[in-house]
Amino acid sequence: MVTRRQLCSVVPSVAIGLLSAPLKAGENRIAELEKPLRSYIIAGAGVSGLIAAITAAEHGVKDILVIEKEPLIGGASILCEGVWTLAGTPFQKETGLADSSEKFLENLIEDAKGTNDPKLLKAYIDHCLDQYEWFARKGIHPKEIITNTGMNVPRGHTFDPLQIIICLRKRLNELGIALVTGAKAKKLLLKADGAVAGLLVESKGKTFKISSKLGVLLATGGFSRNTELIAKYAPKMINAVRLSCAGAYGDGLIMALEAGADVRDIHNIRAAYGFILNPSSVFDISQTIYAGAISVNSQGLRYVNESLPYKDIGEIALEQPSQRTFMVFDSLILKAQMEDRAADARLYAPLLKGETPIFMSAAASLEELARTARLPVANFVSTVSRYNTYVDKGFDEEFGRRHLTLTYGTMRKIQKAPFYLVPTTCASMGTNGGVRVNEKTQVLKADLSAIPGLYAAGEMMGGFHGNSFMGGTSYGKAIVFGRINGLYIAEENSRA
């Protein structure tokens, strides 16, 4: 369920009453489920499933059915910050950022230490700009470019995710694509040879068998709310805070496994660092470390290279005494981060009115800040002082930090009052692994052969992230591999 707070966080300037209609526009229509044969069936109405349907239809595929088990469309796609990471856009050029597909590819491979699938990365990069331009023609443009976790160049293009979903819903209507909400994919229908022939769908207490000429796309998202699957694949995360969308129970993964799918990166589920204590949504995260903040533990000591991807930091933070950690920064770092990232600007907005948010502390001196947080004063002050000397040298002698994030940005001193401290926790925002796919979105078996008629896109996919994660690529891969799937299905349709 989308809460008022979450919707306001996504599009604060738009009244909630104006938003509900487009999201509910795919109301349950039993008649659409009673048709026994379709050209193509898509399970999941987030950006991945919607873009796949639209792209296929724009390239000649007719009679497509999109189902969504939740009452509203959008899924994780409306509960995210809307950061899509891509390179070489007109927006980057306008802001004076030199970037290229080659540099982006190198960054993705380096970030994951070569554990991701280069064919998936290349397919992603090859199709990013085409979909970016598609949105531009619809009047949808990024609001800002941010430096996010894992990047060596600012390439996190921040879009309004709800605007994108509303645009896609409108285009679905224009193309006459059937969309049914409150309809859950239950089981893949298989032929004797193992090929996917359709889908078993449940809605309003009834079950429908729907055949599909071209197969089924699973765009049902991740499985971070499924305790059994988390216990099986990521037992360390069983007690972690989980902030994924309500429907993230791994429905598609379970169905794909039953059909013989292999998995990849399925154990790569880690908590992201930077959340305030007791977070209620994915918007309760700050990335001030990438503007120059440091992180200390309950002993007032640094314990990590803060330029690492936030999931790497999260893994180390959870090993600290009592799992208590704190982000520390000054007024200049705060100003830089609020100017760079709108989500942080909203998070810290009360400071502009002279109010200190309840989740943080502010003080005129480092000593006072340490006492407020009940940290060892001598350790804390010494830690900050020592770090400032490393900034002067341009190299962190303790943990190897040289930049704000990876190889981008110059480290900043913590020296100008007021000083700030944010107690932090780690939380899971989704799952980065899933079924093994190729660059056409075909689902693969362990022997790397494709399961005929079965496809996966978005969070369902494994192989893209490897053992790491670059911010903005989860939303990005949902967008781009939705497009890739639609194009491939159109090709299959033309050959049929």
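See the values below:
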| quantity | calculated |
| --- | --- |
| Checklist (1) modelled with pLDDT of 95 or more; (2) touching a helix residue (DSSP H, G or I) at 6+ places or on another chain (Cβ under 9 Å); (3) surrounded by fewer than 22 Cβ atoms within 10 Å (Cβ to Cβ); (4) not polar (S, T, N, Q) applied to residue 217, failing item | (3) |
| Inter-residue pairs, beta-carbon under 8 Å, first over 16 Å from residue 479 (Cα atoms) and in the range 130-145, second among the small types (Gly, Ala, Ser), 6+ apart | 143/342; 144/342; 145/156 |
| Residue 136 vs. criteria at pLDDT 95 or above, assigned to a helix (DSSP H, G or I) and either within 18 Å of the chain's Cα centre (by Cα) or closer than 30 Å to residue 203 by Cα (or both) | no |
| Residue satisfying all of: in the range 407-419; in contact with a strand residue (DSSP E or B) (Cβ under 6 Å, 6 or more places away or on another chain) and under 25 Å from residue 151 (Cα atoms); surrounded by the most Cβ atoms within 10 Å (Cβ to Cβ) among these | 414 |
| Matching residues in the range 99-111 - criterion: being among the small types (Gly, Ala, Ser) and either assigned to a helix (DSSP H, G or I) or in contact with a helix residue (DSSP H, G or I) (Cβ under 8 Å, 6 or more places away or on another chain) (or both) | 101 |
| Any hit, the range 128-143, residues being closer than 17 Å to residue 458 by Cα and touching a helix residue (DSSP H, G or I) at 6+ places or on another chain (Cβ under 8 Å) | yes |
| Flag for residue 480 being closer than 28 Å to residue 78 by Cβ and outside the structural domain of residue 261 (by TED's automatic domain parsing) | no |
| Which numbered condition residue 240 fails, given (1) closer than 20 Å to residue 428 by Cα; (2) assigned by TED's automatic domain parsing to the domain that holds residue 388; (3) among the aliphatic types (A, V, I, L, M); (4) surrounded by fewer than 24 Cβ atoms within 10 Å (Cβ to Cβ) | (2) |
| Criterion violated by residue 123 - all others in (1) in a helix (DSSP H, G or I); (2) free of Cβ contacts under 8 Å to residues at least 12 places away in the same chain satisfied | (2) |
| Some residue of the range 301-319 being over 22 Å from residue 396 (Cβ atoms) and either touching a residue at least 60 places away in the same chain (Cβ under 8 Å) or out of contact with any Ser or Thr (no Cβ under 9 Å at 6 or more places or on another chain) (or both) | no |
| Lone qualifier among 16, 64, 42 - being in the same structural domain as residue 472 (by TED's automatic domain parsing), modelled with pLDDT under 95 and out of contact with any His (no Cβ under 9 Å at 6 or more places or on another chain) | 16 |
| Every residue from the range 386-435 that is modelled with pLDDT of 95 or more, of a type in the set (Ser, Thr, Tyr) and closer than 30 Å to residue 220 by Cα | none |
| Checking residue 283 against (1) modelled with pLDDT of 90 or more; (2) over 30 Å from residue 386 (Cβ atoms); (3) in a loop (DSSP other than H, G, I, E, B), the condition it does not meet | (1) |
| The one condition in (1) modelled with pLDDT under 95; (2) under 27 Å from the mean Cα position of the chain (by Cα) that residue 188 fails to fulfil | (1) |
| Residue in the range 253-266 that is modelled with pLDDT under 95 and among the aliphatic types (A, V, I, L, M) present | yes |
| Qualifying positions in the range 220-244 - within 20 Å of residue 201 (Cβ to Cβ) and among the hydrophobic types (A, V, I, L, M, F, W, C) | 223 |
| Of residues in the range 316-326 being more than 24 Å from the chain's Cα centre (by Cα) and part of a loop (DSSP other than H, G, I, E, B), the one nearest to residue 418 (Cα to Cα) | 324 |
| Which listed residue, of 204, 191, is among the basic types (Lys, Arg) and either crowded, with 18+ Cβ neighbours inside 10 Å or in contact with a strand residue (DSSP E or B) (Cβ under 6 Å, 6 or more places away or on another chain) (or both) | 191 |
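The values are calculated or read from the model by the stated rules, or taken from the named source; none is laboratory data. Keep in mind it's a predicted model, so treat the numbers as computed, not measured. FYI the Cβ positions are ideal-geometry reconstructions off the backbone, even for glycines, and counts take in every protein chain you see.
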